[in-house]
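To start, the structure under review is shown below, and the notes come after it.
The values are calculated or read from the model by the stated rules, or taken from the named source; none is laboratory data. A quick note: this is a predicted structure, and the numbers were derived from the prediction, not measured. All Cβ positions, even for glycine, are placed from backbone atoms using ideal geometry, and neighbour counts span all protein chains on display.
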Amino acid sequence: MEQQVTLVFLNDTHSHLYPWKDKHTGQLRGGAARWSAVLKNIRSEGRPVLFFHSGDIVPGSDFPYLVKGSPNWERLPIYGYRGILDIQILNMLGLNAATLGNHEFDYGLAWIHRLFGKASFDIISANVIPAPVPETGEYTRHPLYKPYAVYTAGDLKIGVTGLTTDEYLQSSQVRIADPVESVRPIAAEIKKDCDLMVVISHLGVEKDRELAQQVPEIDVILGGHDHILLEQALTIGRTSITQTRSYGEFLGRLDIRYDGRTVADIQYSLVPLDSSVPEDPEIHAWLLSKRIVGTLNRPIEASNCGQSSMGEFAAALVHRAFPCDAVILKSGNFQGEIPAGPVSPEQFFSAFWPYKPRRYGPEKDLLPEQIMDIIRGKAAPLAKHLLLYADGVTALIRAKLSADLLQAVYTENETLKGQEFYLQINEFSGRETGGCIDAVIDFQAWVVLYRQGILSGDYPYEVLPYELFEVLLKEMNP
């Protein structure tokens, strides 16, 4: 009996959810609304369809679409979301699975665990191994990815694994195992029960070739990483290797025909996503709505010389999200000003989560719990130097402080005026001497107070599962 299945795939889209201008032709290309329109057409053909992404979903932090040390907001108007909208779009488009690209780690392992935790699709990688320093069991208690998955397409079973490159990987919290050695035992498992073995690979074409030579059980490699356009599939033994370049300018398609349970034919094609392809109006409208984060009734401005209007605005939003007696935020978390009126992503993220170039180090890669262990002496003494690089962590901490201690915070803060360490302190209820204050403190403010000797004791605390900018973003656009 003849059966058919279609695989549709993307790679290295790097948050290009909106059409972008080709620098050679000046024409607009790509965009998620076109991905959606083509997907709908393919699915309407009636055969089973599986949809995959070969990694680098998020924008890199050191890339050609950054200009003079900052994002090219014209090309990537939602850059600052660091992948939030990408996950939402891919959920809406019915992605089945993605592998992890190296740029997924640009904002830290802790960030991608929260980001991809909201995915309705599988995250697959056979060779990413958590290696947290300081040690934490968080990544094993809540695993982000699986080594492989099996999908049903009609009467067929499709086994899918994923592989991640170690090139340009910016994470101190994982190690990347050898891809061939990682995939060999999985190939044996998949071939026991499945009719097709697929690797969604973020290794690059040359390593995909090596993989196909070393693991001949692989039927299809959906490639990525080196942004190469393969107009025809490379064939190594029985393995077909594909790649669609980058930025979603092409959608890859493999039509696989079976004679019984045996692959009889594989047809590879690329669907150009230029202006001749109509956009899905629903996705188009959704993307337009994301060009505005919220609206301000009055202008706000940052300052480290006193309590600022931007700091008061942020504290009020934190209090609305987490009712408490006081909010303490580091003034250095905010910069610039935002005028009254509609707020664009560029304005919001430039003020509340500014772009930072990609750096190897723990400043963006540690869970707040790990850093709390360091400052409380529960980690190796040498780990204390990591605090010097903790400037990228903006988690929120809920703590019980005495009213006398809060007064000490006020006193110390007067000595910090004019410095980035100056704290924005806002109280939302009265307090009495000797009473207990329920305070929400951003992690950077906590570090300032720890270094000043104010929070050197073991105070009861809870690390909230949000970064400061996430709370502000949600409260501005509920």
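For segment 392-426, the set of residues classified as crowded, with 17+ Cβ neighbours inside 10 Å, of a type outside the set (A, V, I, L, M, F, W, C) and either more than 19 Å from Glu467 (Cα to Cα) or at pLDDT below 85 (or both) consists of Gly392, Thr394, Asn413, Tyr422, listed by residue number. Quick check on segment 240-262: of everything there that is touching a strand residue (DSSP E or B) at 6+ places or on another chain (Cβ under 9 Å) and surrounded by fewer than 16 Cβ atoms within 10 Å (Cβ to Cβ), which residue is modelled with the highest pLDDT? Per the stated criteria, the residue is Arg257.
Condition first: surrounded by 15 or more Cβ atoms within 10 Å (Cβ to Cβ), in contact (Cβ under 8 Å) with a residue 40 or more places away in the chain and within 27 Å of the chain's Cα centre (by Cα). Now tell me which residues in segment 212-235 satisfy that. Within segment 212-235, Val220, Leu222, Gly223, Gly224, His225, His227 qualify. Scanning segment 270-299 for residues that are in a strand (DSSP E or B) and surrounded by fewer than 12 Cβ atoms within 10 Å (Cβ to Cβ) turns up just one, Thr295.
Take the conditions (1) in a strand (DSSP E or B); (2) more than 24 Å from the chain's Cα centre (by Cα); Ile200 misses just one of them, which is (2).
Of all residues in segment 72-81, none satisfies being out of contact with any strand residue (DSSP E or B) (no Cβ under 9 Å at 6 or more places or on another chain), under 27 Å from Ile221 (Cα atoms) and outside any strand (DSSP E or B). Against the test of being small (Gly, Ala, Ser) and in a loop (DSSP other than H, G, I, E, B), the options Ser246, Ser182 yield a single qualifying residue, Ser246.
Considered as a group, the residues in segment 98-123 that are within 14 Å of Ile57 (Cα to Cα) and of a type in the set (Ser, Thr, Tyr) include one that is surrounded by the most Cβ atoms within 10 Å (Cβ to Cβ), and that residue is Thr99.
Residue pairs whose Cβ atoms lie under 6 Å apart, separated by 6 or more positions or on different chains, with the first residue in segment 135-151 and without any contact (Cβ under 8 Å) to a residue 12 or more places away in the chain and the second assigned to a loop (DSSP other than H, G, I, E, B), do not occur.
If I filter segment 58-111 down to residues being without any contact (Cβ under 8 Å) to a residue 40 or more places away in the chain and over 16 Å from the mean Cα position of the chain (by Cα), which single residue comes out as nearest to Asp12 (Cα to Cα)? By that ranking, first place goes to Pro64.
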